[in-house]
Structures are given as C-alpha cells and as structure tokens.
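The values are calculated or read from the model by the stated rules, or taken from the named source; none is laboratory data. What you are looking at is a predicted structure, and each value in this text was computed from that prediction instead of being measured. Because the Cβ atoms are built from the backbone with ideal geometry, glycine has one as well, and the counts that use them run over all protein chains shown.
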Amino acid sequence: MSDIGVQPVAEPLGLSQWQRVIYTFSAPSKTFADIKLGRNSWWLPLILISATTYILFAVIAFQIGMQQVVENQNHLNPKMEEKMAQAPPAQREMTNKISLYVTEGIFIANPVFTLGWYALLTLGLWATINFGFGGKAKYGSILCVWLYSLLPAIIKTLLGIVVIYAGAAPESFNIKNFAPTNIGAFLNPLETNTALYAFVTSLDVIQIWCMVLLAIGVATVAGVKRTSGYIAVFGWWTIFVLFGVGIAAITG
C-alpha cells in the first residue's frame, strides 16, 4: 500500500527561555511541562539571578561598605566579637581581611556557587522523587526546574536594594537577612532567642514561593502526583530548617 498522503506529525514548538521566565510567575505549569519534554536549558534564570545579585553587591559596597558588613556580622555573634576584642591587633586585622575577602568572594563567584550548590541538592531531590515516589525524572530536568524555581528570589534581592536606598542604617544592616520577607527581618537578632530567630527567618515568603514552584515542577517532570512533589520538596526543606535551628540553638 502506498504511503502517499501520510504526513508526519510535527513536534510542537517549545517555549523560549524568556517565555519560560514569564510563565514561571504567571503559569508555572507551562514552564515545567516544556522542561518535561527534554528542553533543559537553564542558563537564562542563572544569568538573571546572578545579575541582580551583582547589582545588590554593588549597592551594598557603595551604600553600606563591605567592611561595615563584616563588622556587623561580628557584632551579631557575641562570642566572635569577644574573641576578636581579645585578639592581638595584628591577628584581628588579619581576621578582618580574611572575612572581607570571603564575603566579597562569595558575591563575585555567585554563579559558580549557585550552580554548584543546586547541582548537589538536585542529586538528593532526583533520588527522592524517583526512588521514593516512583518518578521518572531525569537529573537535568530536575536541575532545570530548580533554577527556574529560584526566579522569585530576584524579587527579594530587589526589595533588599529598595530597603538600602530607603535609608537602612549601615550599622544595623544584616547581609544574611537583608529584605523584609520574613518575621526575623523585623526582630533584633541580639535580643531574640537564636533558635527562634533562625526558625522565623526560615519562614520566608519568597523561599516558600520558590519551594512551591519546585514541588510543582518536580512532580511535573517526574510524572507523579503533585502531592508527592510537595512531600519530597517540603520534607527536605523541613529537615534543613530543623538542622539550622538546631545549630543555632547549640552555638547561640
């Protein structure tokens, strides 16, 4: 029988990365469904997140001063501040320089740290959703989902910049909690129980938003129920939160 007239089914066109970025905020299921088709390009969200981080770095450097940032972090750690006060001047100066270089280095190498950290976390989440919930997600798809799910963090970065320009006092600036997106941002770390402060700081609306997107995306690319995605993502998130609170209770 002749095959004349039989037309091949055209593969649907995928979304551009800019469309994915927009849909992450307006219709995340469309973004994650596109990733499920094997289109695992993640460079645009990484660029956007890194670019806004560099802008924040520049604003902090000019408006607050990186040396002030280091001094503030020492002040928020009474044990470290006392140790620094008792150290010889030369040792204190060297410690300050090292802390300054480390802080600046983390900002400068932000894309490398971001990609490396989430590539590692992806391994655990990939194993959890596949072996724990019977999913069929590929590692690259989970990593791509995670980087797109981080896009709301840009809003937190921009809020931090607004706060700085709105007149944040350099002496009270906390680089670890620079935007009013959690209760901890409105508390004095020195007057609040360290474990409680760590807990309320973890309940960050932007972070929770990112985790919800991640849960939806993981469930989509793995082909499992959304409930499984929420359990996998928020299960790991709860472990990290409790670990952080425990460390704060021990060292506080």
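On the stretch given as the range 41-69, residues that are under 19 Å from the mean Cα position of the chain (by Cα) and not in a helix (DSSP H, G or I) total 2.
Among the residues of the range 149-166, count how many are in a loop (DSSP other than H, G, I, E, B) and at pLDDT 95 or above. Residues meeting the conditions: 3. Close contacts from the range 222-245, counting a first residue that is touching a residue at least 60 places away in the same chain (Cβ under 8 Å) and a second that is in a helix (DSSP H, G or I) and not small (Gly, Ala, Ser), with Cβ to Cβ under 6 Å and a gap of 6+ residues or different chains, come to Ala222/Ile129; Gly229/Val218; Ala232/Thr128; Ala232/Ile129; Val233/Met211; Val233/Leu214.
Scanning the range 37-54 for residues that are of a type in the set (A, V, I, L, M, F, W, C) and buried (at least 17 other Cβ atoms within 10 Å of the Cβ) returns Trp42, Leu46, Leu48, Ile49. Of everything listed in (1) more than 20 Å from Trp117 (Cβ to Cβ); (2) in contact with a Phe, Trp or Tyr (Cβ under 9 Å, 6 or more places away or on another chain); (3) in contact (Cβ under 8 Å) with a residue 40 or more places away in the chain, the single unmet condition for Pro180 is (3). Only one of the numbered conditions (1) in a helix (DSSP H, G or I); (2) under 14 Å from the mean Cα position of the chain (by Cα) is violated by Ala179, and that is (1).
Looking only at residues of the range 208-252 that are closer than 18 Å to Ala33 by Cα and either charged (D, E, K, R) or at pLDDT below 95 (or both), we find that the one that is nearest to the chain's Cα centre (by Cα) is Arg226.
Residues in the range 14-39 that are at pLDDT 95 or above and in contact with a Lys or Arg (Cβ under 7 Å, 6 or more places away or on another chain): Tyr23, Thr31, Asp34. For the range 182-208, the set of residues classified as farther than 18 Å from Gly246 by Cβ and outside any loop (DSSP other than H, G, I, E, B) consists of Ile183, Ala185, Phe186, Val205, Ile206, Gln207, Ile208, listed by residue number.
Once the range 70-102 is narrowed to residues that are under 23 Å from Thr192 (Cβ atoms), in a helix (DSSP H, G or I) and among the polar types (S, T, N, Q), the residue that is modelled with the lowest pLDDT is Asn74.
Taking the stated definitions as given, is Leu242 among the hydrophobic types (A, V, I, L, M, F, W, C) and more than 26 Å from Val59 (Cα to Cα)? Considered against the rule, which asks whether it is among the hydrophobic types (A, V, I, L, M, F, W, C) and more than 26 Å from Val59 (Cα to Cα), Leu242 comes out as yes.
Taking the criterion of being buried (at least 16 other Cβ atoms within 10 Å of the Cβ) and either in a loop (DSSP other than H, G, I, E, B) or among the basic types (Lys, Arg) (or both), the residues of the range 126-148 that qualify are Phe133, Gly135, Ala137, Lys138.
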